[in-house]
Structures are given as structure tokens and as C-alpha cells.
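All remarks here apply to the structure that follows.
The values are calculated or read from the model by the stated rules, or taken from the named source; none is laboratory data. This is a predicted model, so every value here is computed, not measured. With ideal geometry, Cβ positions are generated from the backbone for all residues, glycine too; neighbour counts draw on all protein chains shown.
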């Protein structure tokens, strides 16, 4: 293991954070140096990573030389908290690296935005763009020429055929399938297991097979 890995703070200490800690421990670039979460006791540990306090501790960590942090909360239907924390880190000047699990498969032409996260077993094909703060979760499959806009959240097992656009802040539930060329609007919610065969308007909630 690289002993010169860059220290990094995680905002959040729940299930998503534990997945990210595993990702970081499998990778040789960043070291999880601490967790900030108002729901956890200072001094406790999550997978060996110490809980340092709340978000108010960010400036102290900066003063101690920490320059990197990531949003480590998950999402269920809304990405509002993730967006808020992302903005907070940007305002304070933290660098938010994109994180990719070593077992994920990405084409060399994939573009990852600031703070994007790609989890274990995901596959992302050629000419796809993943926006800032977006999450491609465990085992998701994204085919060629897709665009996942900022802060969108793809739950485990989502499948996107070629040329799909996922709007800002959209949430796609576990196992959702989207056929080729489809546009998912900003803030839309696709229920788990839905099969999307037509465009989805901004802010809509769709479910079922076919989704409506």
C-alpha cells in the first residue's frame, strides 16, 4: 500500500460512507482520514476511520493541512443533502476528487466531473460524461454516449442503453432500465425496477413496466 496517500475527509458516516471507505482502502490514491457526521459520537470509529465531529470541523481540518473531502451521504429519491454538502465543500475551497472503485470498468474516453463517484462493478462505455457530484452505484451499467448530469444518483443495478441523458439531481432506483436515446428530466425520480421507454419530464415520478 502507498504510504504517501493523500488524506481525505468524508462528510457522512452511514452506509454510503462505508462503501466509500472500502473503495478508498482498495485504491492507492487517498486515505480516509476522518468522518464528519452530526449523528455520530466524536471519537467513535467507522471501519477504523475516526469520527471527528460535525461539518463545523471542516475549517479546523483545513488549518491542519487537509485539502481534500468528499460527500459521503447516499440518496433516497432526493439528492438535496448531497448537493448542499457539495456546495459547502466548494465554498470552503476543498478539492473533491472523483472516486472510482478498482473493479469498475470505464472506457478511456469517459469524462468524470468533480466529486463523481463510481462504485464496485460498474461499467461505463465510450464517450459517456458523468457530471459533478453524480453517483454511479454498485453494478450499474451505462452504455455509449450517455450523459449523467450533475448530482444525479444511479442506484445499484441501473442499466442505461446508449445515448441516454439523465438530468440534474435525478434519482434512478435500483434495477431501473432506460432504453436508448431517452431523456430523463431534471429532478425526476425513476422507481426501482421501472423500465423507461419514453422521455421523462422534469420533476416527474414514474414507475412500473413500462414506466408511467
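Only one residue in 52, 11, 58, 40 is within 30 Å of residue 190 (Cα to Cα) and not assigned by TED's automatic domain parsing to the domain that holds residue 192, so which one is that?
From the options 52, 11, 58, 40, the qualifying one is 11.
Results for (1) in a helix (DSSP H, G or I); (2) out of contact with any strand residue (DSSP E or B) (no Cβ under 9 Å at 6 or more places or on another chain), shown as yes or no for each residue.
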position	(1), (2)
83	yes, no
86	yes, no
91	yes, yes
103	no, yes
109	no, yes
114	no, no
Of everything in segment 24-39, what is in contact with a strand residue (DSSP E or B) (Cβ under 6 Å, 6 or more places away or on another chain) and within 20 Å of residue 137 (Cα to Cα)? Give them in sequence order.
24, 30, 32
Scan 42, 19, 49, 71 and give me the residue that is in contact (Cβ under 8 Å) with a residue 24 or more places away in the chain and farther than 30 Å from residue 142 by Cα.
49
Qualifying residues in segment 106-133 (those that are more than 17 Å from residue 157 (Cβ to Cβ) and in contact (Cβ under 8 Å) with a residue 40 or more places away in the chain) - the one surrounded by the most Cβ atoms within 10 Å (Cβ to Cβ):
133
